[in-house]
Amino acid sequence: MKRGRVRPVVAIDGPAGAGKSTVTRRVAEALGYTVVDTGALYRTVALACQRADVSWSDERGVGEIAAELALEDRLRMFQEQGRTRVVLHGEDVSDAIRTQEMGRGASLVSALPAVRAALLELQRQLGREGGVVLEGRDIGSVVFPDAEAKFFLTASAEVRAERRRAELEAAGQAVDLQQVLEEVRERDRRDSERPIAPLKRAPDAILIDSSHLTIDEAVKEIVRRVREVAGAEPGSEGGEAR
Ligand code: DC
């Protein structure tokens, strides 16, 4: 295990809609690890900007807000009943950051170098002790290049759009599949083509394609591999994980 860690850092990266959140939560439950949802941090920056009337394209303004949020106690993030809860300046914003609009805002602000720099150290702090599953876009490539277990969870754009449509429909919103597919492609493009920390599989990340896998199968495969890594380390608890 890397310096100062007793248990592994597990990185799960991949595009929106590949099933990362569910898989991350289930993997963490199976291993008894904690979860860090890094997308929630970018979403919170987007929300904080909107509330402060700072445009998502104003790099200086957004960067200042991100740097301020990264200071201790401004933003708290924790898991409750399998959900990530975010408290911003004392207010629970867990639902407010989950809208389509904040997804778009997060995608825009996350392309700004000042924002990535501000959130980098915070993410490292959140995962540094190990026994943690971090989900995001650049965890295995930038935030924890030394993570003991790295996965790139993906699915075809069509499969991801269909999942998103079903999700929105279940929430009572009728949507056009073609339009959702275009949004999925647009977000992929933005996240993959940005010059800083683009969405990209780290060379040593294991590719898991969930197009033809059930959530259960993806979880099982990831847990098996993490246990392998954890168990290989002397003095680790990997073999005892549930
Ligand atoms: O996973 P999510 O949908 O909550 O992420 C929202 C946006 O944040 C996504 O479009 C890309 C960005 N993001 C990022 O750039 N790096 C991360 N580690 C996590 C999210």
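Here, each number is a calculation from the coordinates, and none is a lab measurement. Note that this is a predicted model, so its numbers are computed, not measured. Quick reminder, even Gly has a Cβ in these numbers, built from the backbone with ideal geometry, and neighbours come from all protein chains shown.
Could you check the spin-label model distance between Glu186 and Glu217? Points 7 Å from the Cα along Cα→Cβ, value in nm. The two pseudo-label positions are separated by 3.3 nm. Each of Leu71, Leu181 was scored by other Cβ atoms within 10 Å of its Cβ. Listed from fewest to most, they are Leu71, Leu181. Ratio of Rg to Rh for the chain: 0.95 [Cα atoms; Kirkwood radius as inverse mean 1/r over pairs]. Panel order for Val223, Val23, Val6, by other beta carbons found within 10 Å of each beta carbon, from fewest to most: Val6, Val223, Val23. Using the rule -39500 (n - 2.57) for each DSSP H run of four or more residues, divided by the residues of the chain, the 222 nm mean residue ellipticity is -15000 deg cm²/dmol. Take every Cα pair under 8 Å whose residues are at least 6 apart in sequence, average their separation, divide by the length of the chain, and the relative contact order is 33 percent. With neighbours defined as other Cβ atoms within 10 Å of a residue's Cβ, the residues Ser21, Ser57 order from fewest to most as Ser57, Ser21. With both labels modelled 7 Å from their Cα along Cα-to-Cβ, the Arg74 to Lys2 distance reads 2.5 nm. Hey, with R₀ at 22 Å, roughly what FRET efficiency would Leu177 and Thr99 work out to, going by the Cβ-Cβ distance, to 0.05? Here the calculated transfer efficiency is 0.65. Each listed q (0.15, 0.25, 0.27, 0.28 Å⁻¹) maps to a log10 I(q)/I(0) for the stretch 1-59 from the Debye sum over equal C-alpha point scatterers, namely -0.64, -1.02, -1.10, -1.14. Helices assigned as whole DSSP H runs in the chain whose Cα atoms extend at least 18 Å along their own long axis and whose mean Kyte-Doolittle hydropathy is -1.0 or higher are found at 38-51, 113-127, 215-232. Percent of Cα pairs in the stretch 19-131 per distance bin of 10 Å, from zero to the largest separation: 14, 47, 32, 7, 0. Can you list the lysines whose alpha carbon sits under 19 Å from that of Lys2, skipping same-chain ones fewer than 8 residues off? Filter leaves Lys150.
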